[in-house]
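> Here you go, one structure.
The values are calculated or read from the model by the stated rules, or taken from the named source; none is laboratory data. For clarity, every value in this text was computed on a predicted model and none was experimentally measured. Here the Cβ positions follow ideal geometry from the backbone for every residue, glycine too, while neighbour counts run over all protein chains shown.
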Amino acid sequence: MRTGFLRKHGFRYLYLIDATTLLGLMVAITTVRFGLDWPTYPLSHYAVGFAVATGLHMAVYYFGGLYEYEQRLGPPPWLPRATMLTLLAVGADATVSLLSGRYLMPRANLVVLAVAASLVVSFNRWLARQVRRRRFGRPRVLLVGDADDVESARRHLAESKQATEIAGQAGTFSDIAAEVDRCAATDLLLLSRQSLDIIYPEPLAELEGRQVGVYRRITPSDTLLGLQRTRQIGGMPFVALRAHALPACRLRFKRLLDLVYLLVLAPFAIPLTLAVALYVRLRAGRGVLYRQER
C-alpha cells in the first residue's frame, strides 16, 4: 500500500479531524443550551476550557489506540471502544475541574459530550474506512496454505461476498515478501497449521512495517489458547498477527509513565542512592563493583 511522507512519520489526518469535531461539538452543545450569550464567564474562559478538554480527549484517544493503523480485514466495531475511551476522557475532564477548581465547561455539558463524542469519533473512523477504500480500492488478499485450504478459503470468501480481491496464492512461506510484492497484496491469510517460527520475527516485522495485514486462521484446537481478539474474514475465524505484543501507543504510554515516576521519585531516590554509595565506599573501600567480561 502506498504510504505518504506524513503517514510514515506517524501523522494522521484523524488528529485534525477529531480535534476539530470535538472542539466544534463543545461549542455546539454550549450554544444549544445557552444561545449566543454564554453565562458567567467571558468567551476567553470557555475557549481555554474547551482547548484543554480537547487536548485531554486527544491524549486519551491516542494512548487508547484509536490512532493505530487499522488492519483492513474483519475490523472490530469502533463504537464500544470509542465509548469506553470517551468516558475515561470525560472523567479526566471532571478530575481536572475538581483539582483545579476551574470548570472546563458547564458540568451538564459533560453528560451530553460523553454520548455525542463517542458517536462523532466512531463516525470519523467509519468515514476514514470509506475514504481509504475509495483511495486504495478493495483489499488484495494473498492466500498461503495447502491447496485444499486455499480452495476452501476461496469458496468462503466468494459465498460471504467479502469486499476483497484474491491477488494470488502460495503453498509455502519461502520468499513470501517477494510474493506479496509480485501480487501487490495488501493482506496475507495464513490458512494451514504451519509453525509461526518461519515468519517471526521476519518477514512479519517487514510486512507490518509496510502495512500489510497478516492473519492466521484459527483451528478448533487454537481455542484452547484462550484467544480473545479474533475477527471474522469471509465467515472464517482469524487472529491478526503482529511482530510486537504491545502496540506503539501502549509502549509510548508505558515510557511516559516511567518518565513520570522518574521525575516524581528523583528528588528522593538520587540523594538516597548517593548516601548509600557513600556509606558503602567508607565502610568497604575500593573494589566493591566488579566487571565481568565474556
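> Of the numbered conditions (1) free of Cβ contacts under 8 Å to residues at least 60 places away in the same chain; (2) in contact with a Ser or Thr (Cβ under 6 Å, 6 or more places away or on another chain), I166 fails exactly one; give the number of that condition.
(2)
> Moving on. Got a number for residues in the stretch 93-133 being buried (at least 18 other Cβ atoms within 10 Å of the Cβ) and either outside the structural domain of G65 (by TED's automatic domain parsing) or without any contact (Cβ under 8 Å) to a residue 60 or more places away in the chain (or both)?
Summing the residues that are buried (at least 18 other Cβ atoms within 10 Å of the Cβ) and either outside the structural domain of G65 (by TED's automatic domain parsing) or without any contact (Cβ under 8 Å) to a residue 60 or more places away in the chain (or both) in the stretch 93-133 gives 7.
> Any residue at all in the stretch 37-53 that's within 15 Å of S118 (Cβ to Cβ) and among the β-branched types (V, I, T)?
Among the residues of the stretch 37-53, not one is within 15 Å of S118 (Cβ to Cβ) and among the β-branched types (V, I, T), which makes the answer no.
> Find all pairs meeting these conditions: Cβ atoms under 8 angstrom apart; at least six residues apart or on different chains; first residue within the stretch 69-83 and surrounded by fewer than 19 Cβ atoms within 10 Å (Cβ to Cβ); second residue in a loop (DSSP other than H, G, I, E, B).
Hits for this filter: Y69/Q211; P76/R229; R81/G64; R81/G65; R81/L66.
> Can you report the number of residues in the stretch 140-169 which are under 16 Å from G235 (Cα atoms) and either of a type in the set (D, E, K, R) or outside any helix (DSSP H, G or I) (or both)?
From the stretch 140-169, those under 16 Å from G235 (Cα atoms) are 141, 143, 149-166; that's our starting set.
Restricting the remaining residues to those that are either of a type in the set (D, E, K, R) or outside any helix (DSSP H, G or I) (or both) gives 141, 143, 149, 151, 154-155, 159-166.
Selection size over the stretch 140-169: 14.
> So which residues in the stretch 200-252 are in a helix (DSSP H, G or I) and more than 21 Å from the chain's Cα centre (by Cα)?
Hits for the stretch 200-252 are P220, S221, D222, T223, L224, L225.
> When you scan the stretch 234-252, do you find a residue that is on the phi > 0 side of the Ramachandran plot and touching a helix residue (DSSP H, G or I) at 6+ places or on another chain (Cβ under 9 Å), even just one?
yes
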